[in-house]
1. So the check is Cβ under 7 Å with 6+ separation or different chains; which pairs have a first residue in the stretch 1-20 that's on the phi > 0 side of the Ramachandran plot and a second one that's buried (at least 22 other Cβ atoms within 10 Å of the Cβ)?
2. Can you find, within the stretch 32-43, the residue that is surrounded by the most Cβ atoms within 10 Å (Cβ to Cβ) among those that are in a loop (DSSP other than H, G, I, E, B) and in contact (Cβ under 8 Å) with a residue 12 or more places away in the chain?
3. Do the conditions hold for Lys68, that is, is it modelled with pLDDT under 80 and of a type outside the set (Ser, Thr, Tyr)?
4. Here is a check on your reading of the model: is Ile29 part of a loop (DSSP other than H, G, I, E, B), out of contact with any Ser or Thr (no Cβ under 6 Å at 6 or more places or on another chain) and surrounded by fewer than 18 Cβ atoms within 10 Å (Cβ to Cβ)?
Amino acid sequence: MALYLSNKIVGEDETKAIQLTIEYDPQTIFNSGNYSIAEEKIIKIAEKKLSKEAKKGLGILGMIKNSKSILKMIK
């Protein structure tokens with residue numbers, strides 16, 4: 001469910017990168033939960049998410065950035 005919601009909020013590539021970052025690899029909607037099978041562009045997005053730079057976008061600023069998408073899902 002979390003990956004489904006993430007896909008609605010930030011899109012497929014970002015969601016695949018999240019899946020890879022947490023190494024979530026059961027039967028899911030995307031096949032990118034393992035570095036050995038993930039696409040190169042997804043690996044790069046995931047690595048960015050794991051960096052210190054990515055942490056700056058978390059928290060209240062991340063919520064503000066995605067507020068329009070979150071509100072669309074609630075309606």
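1. none
2. Filtering the stretch 32-43 for residues in a loop (DSSP other than H, G, I, E, B) gives 32-39.
Checking which are in contact (Cβ under 8 Å) with a residue 12 or more places away in the chain leaves us with 32-35, 38-39.
On the way: Ser32: 26, Gly33: 20, Asn34: 12, Tyr35: 12, Ala38: 22, Glu39: 14.
Among those residues, the one meeting the criterion is Ser32.
3. yes
4. Working: part of a loop (DSSP other than H, G, I, E, B): yes; out of contact with any Ser or Thr (no Cβ under 6 Å at 6 or more places or on another chain): yes; surrounded by fewer than 18 Cβ atoms within 10 Å (Cβ to Cβ): yes.
Yes.
The values are calculated or read from the model by the stated rules, or taken from the named source; none is laboratory data. The structure displayed is predicted, hence computed values, not measured ones. Note that we place each Cβ from the backbone using ideal geometry, even for glycine, and neighbour counts take in every protein chain shown.
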